[in-house]
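**Q** Provided herewith is a single structure, encoded as structure tokens, for subsequent inquiry.
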């Protein structure tokens with residue numbers, strides 16, 4: 001591990017769930033510009049990295065983890081320009097950014113999932129586990145939230 005790569009060994013990482021962090025436009029929902037407004041506060045805390053929970057476009061069924069487009073910022077969070085400004089301002093303050101990026105969580109609105117459902121021969125079909133055949137669940141796994149993990 002190089003010296004440049006070793007920063008995380010002693011990092012002080014501050015996790016931010018943007019929707020509840022700081023609202024910059026008065027709609028009652030935290031956003032990227034709200035995070036930007038708090039960079040001096042974050043710097044004062046002595047952190048050197050921000051772990052940012054999902055900000056990608058999402059229908060919001062699973063707190064932003066149900067991503068419908070990894071290339072777009074959720075409009076509730078702001079714009080791509082807002083994100084780019086946040087990254088620049090964090091770096092200017094000497095704060096690294098860690099994106100919460102979970103590729104195996106997509107929305108039922110994601111194009112890959114829609115294609116997988118529409119065509120059994122779709123190459124995207126292998127991206128998902130479809131529950132059983134003929135109405136039979138593939139196993140009896142329970143969900144952390146209660147009930148079957150295979151239930152919608």
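Read the figures in this text as sums done on the coordinates, not as results from a lab. For clarity, every value in this text was computed on a predicted model and none was experimentally measured. We place every Cβ from the backbone using ideal geometry, glycine too, and count neighbours over all the protein chains shown.
**Q** For the chain, calculate the relative contact order in percent as a whole number, restricting contacts to Cα pairs under 8 Å that are 6 or more residues apart.
**A** Details: 207 pairs, mean separation 26.8, N = 152.
So the answer I get is 18 percent.
**Q** Cα gyration tensor of region 110-152, axes a ≥ b ≥ c as square roots of the eigenvalues: rounded (a/c below 1.5), prolate (a/b > b/c) or oblate?
**A** Cα axes put region 110-152 in the prolate bin.
**Q** Can I ask one more? Shape of region 1-82 from its Cα gyration tensor (a ≥ b ≥ c, root eigenvalues): rounded if a/c is under 1.5, otherwise prolate when a/b > b/c, or oblate? Before the final figure, lay out each step's value.
**A** Numbers: a/c = 2.40, a/b = 1.48, b/c = 1.62.
Oblate, since a/c reaches 1.5 and b/c is not below a/b.
**Q** Read through the labelled values [x] 1.04; [y] 1.21; [z] 1.28 and report the label of the one computed as Cα Rg over 2.2 N^0.38 Å from the structure.
**A** [z]
**Q** Please figure out what share of the DSSP beta bridges in the chain is antiparallel and state it in percent, rounded to the nearest 5.
**A** Here the antiparallel bridges make up roughly 30 percent for the chain.
**Q** In addition: Pick from 100, 89, 27: which residue has the top mean-square fluctuation in a GNM of the chain where Cα pairs under 10 Å get a spring?
**A** Highest fluctuation among the options: 27.
**Q** Note down the nm distance, to one decimal, between modelled labels 7 Å out along Cα→Cβ at residue 80 and at residue 101.
**A** 1.5 nm
**Q** Then there's this: Label-point separation (nm) for residue 29 and residue 126, each offset 7 Å from Cα along Cα-to-Cβ?
**A** 3.6 nm
**Q** Helix 80-92 sits at what angle to the longest principal axis of the chain, using alpha carbons and giving 0 to 90 degrees rounded to 10?
**A** 50 degrees
**Q** Springs between alpha-carbon pairs under 10 angstrom, Gaussian network model over the chain: which of 94, 142, 60 fluctuates most?
**A** Per the Cα network of the chain with a 10 Å cutoff, 142 tops the list.
**Q** Using just the helices of the chain, give the 222 nm mean residue ellipticity in deg cm²/dmol: DSSP H runs with n ≥ 4 each add -39,500 (n - 2.57), and the total is spread over all residues, rounded to 500.
**A** Helices in the chain give a 222 nm mean residue ellipticity of -6000 deg cm²/dmol.
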